[in-house]
Amino acid sequence: MKAKKPRTSGNSAAHILPPLYKDTAVLSFDQHSGKALKPFNGFGFSAATPVVPLMLGEFAHAARFYPILFTAGDRPTPVALLGLKERQNLFVEPDC
């Protein structure tokens, strides 16, 4: 996979977004009181996600199903490998 430019939040160019996030915002009752969670619409949103970050407590369960890798760089991050190509997730179909 080629390294791609990290996505950043519109709120701050220095804030790098994790996979599956499009934007972030600080929640405020005044601004967001009329908002709600969207109804479940399947897992298709993750069909182009080849890796997802893991927390330590997820290792044992994730290792039963996915290879666990560590990213390169100054702060290696554990990730579950879901696909072997860029924008590929072998565990989810795009129309799910």
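The values are calculated or read from the model by the stated rules, or taken from the named source; none is laboratory data. Keep in mind that this is a model prediction, so the values were computed, not measured. Note: ideal-geometry Cβ built from the backbone for every residue, glycine included; neighbour counts use all protein chains shown. Just the protein is used for accessible areas: all its heavy atoms, side chains included, with ligands, DNA and RNA removed. Shrake-Rupley method; radii C 1.70, N 1.55, O 1.52, S 1.80 Å.
Observations, loosely collected:
- Computed 3J(HN,Hα) for the stretch 62-79, one whole-Hz value per residue from the Karplus formula 6.51 cos²θ - 1.76 cosθ + 1.60 where θ = phi - 60°, is 4, 5, 6, 10, 10, x, 9, 10, 10, 5, 7, x, 5, 10, x, 10, x, 9, glycine and proline marked x.
- Förster radius 41 Å - calculated FRET efficiency between LYS35 and ILE68, Cβ distance, rounded to 0.05: 0.70
- Accessible area of PHE45 in the full protein assembly, 1.4 Å probe (Å², nearest 10): 140
- Protein heavy-atom accessible surface, 1.4 Å probe, per residue over the stretch 38-96: 78 Å².
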